[in-house]
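The structure under discussion appears below in the form of structure tokens.
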Amino acid sequence: MTQGASGYENRVELIVDGKIFWSRVHSMNVNDELRWLGLEPFDMIGGFTTRDGPKLVAFCAENLGYHIVTYTSEHRYVNQYVPGQKTYRLATGDKNPNLVYNPWVNPLRPLIAEDVFSQLAREADEIGRRCKP
């Protein structure tokens, strides 16, 4: 599978699969590596807070191999720095600022949920059949 380029500056490339998004942006989530770079994450997976934003921007300006991924809302990440947000991550992969990860808009999500609930119902029925004398 080839990776295409975005032909439009302001066109969002929506990704609904976390594995695909994170494999493209290569988020740094090893705190020891981040500390070695002189950065101090606030959580165990390499997250930074609003107050760290200016420091991350300065770091990325000096180190062009890095960029910022911003957590903008419930399970939504954008592959660029958005000032004033709660959480940021440092990344080393695809810098396309049009990449957006949002699993809540996955058109297959209702089907996946239906499959899960269907499986749960079958398991309950199976347990009930085994319990009958």
**Request:** Return the loop-located trypsin sites (Lys or Arg not before Pro) in segment 11-114 (DSSP other than H, G, I, E, B) with at most 15 other Cβ atoms within 10 Å of their own Cβ; answer none if there are none.
**Result:** Arg11, Lys86
**Message:** Apply the a/c threshold of 1.5 to the C-alpha gyration tensor of segment 19-95 and tell me whether it is rounded, prolate or oblate.
**Reply:** rounded
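No lab work stands behind these numbers, since they all come straight from the coordinates. Quantities reported herein were computed from a predicted structural model and do not represent experimental measurements. Counting neighbours? That spans all protein chains shown, and the Cβs are built from the backbone with ideal geometry, glycine included.
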